[in-house]
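Some notes on the structure that comes next.
What follows is calculated from the coordinates using simple rules that are stated; it is not laboratory data. Computed from a prediction, not measured in an experiment: that's the story for all the values here. Using ideal geometry, Cβ is built from the backbone for each residue, glycine included, and neighbour counts are taken over all protein chains shown.
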Amino acid sequence: MALITAIMRLSKSAIVRTPAVVYVSAIRGTPLLVQLFIVFYGLPSMNITIDPFPSAIIAFSLNVGAYASEIIRASILSISKGQWEAAYTIGMTQNTALKRIILPQATRVSIPPLSNTFISLVKDTSLASLILVTELFRRAQEIAAVTYDFMLIYIEAAILYWIICFLLSIVQQAIEKRLERYTAT
């Protein structure tokens, strides 16, 4: 979805570009919490009722998709025009050049910011507790309410989030190292 939105945003056609621009602008211009509430609490007013977990998935997907599309778009734009020109010179169409030349290079450029976006998403899942999704933070709240040991329980939850994010950072570094093989030195 993010790749399609990024390509739509790069289109010269206003008909193709405008929906992507509006989507990205609306998502980036509103808080994730508001987006969660619109999907879970707002849609029922239009007779569309979605359970908490799917609501969270929809809201998080829409949110991350917009941010990821901007990262991908910027990554594509970071590839020099000379790469496009070289592809055209050897007879590639725009689509072939994009698939074979530009996107592989843009992928390498986009890994660090996309990984950061994914790590932020993991932390943002704590907001899903506000629409009744039982996730790590919600579970910590439930335990703290019973034990009255709020500080210890919340610190333990923070440590678990940190461990998850740390492991994701290790995966990110491994992907970056693997992609490093394909660069000229």
Final fewest-first order of Arg9, Arg138, Arg28 on the 10 Å Cβ neighbour count is Arg28, Arg138, Arg9
Just to check, using Stokes-Einstein with a Kirkwood Rh over alpha carbon pairs, what's the diffusion coefficient of the stretch 1-130 at 20 °C and 1.002 mPa s in µm²/s?
132 µm²/s
Placing +1 on the Cβ of each Lys and Arg and -1 on the Cβ of each Asp and Glu in the chain, which of Ser45, Val16, Thr30 has its Cα farthest towards the positive end of the resulting dipole?
Val16
How large is the dipole of the chain about the Cα centre if only Lys and Arg carry +1 and Asp and Glu carry -1, each at its Cβ, rounded to the nearest 20 debye?
920 debye
Report, in order of residue number, the helices in the chain meeting two criteria: a C-alpha extent of 30 Å or more along the helix axis, and a mean Kyte-Doolittle hydropathy of at least -0.5; treat each whole DSSP H run as one helix.
52-78, 150-180
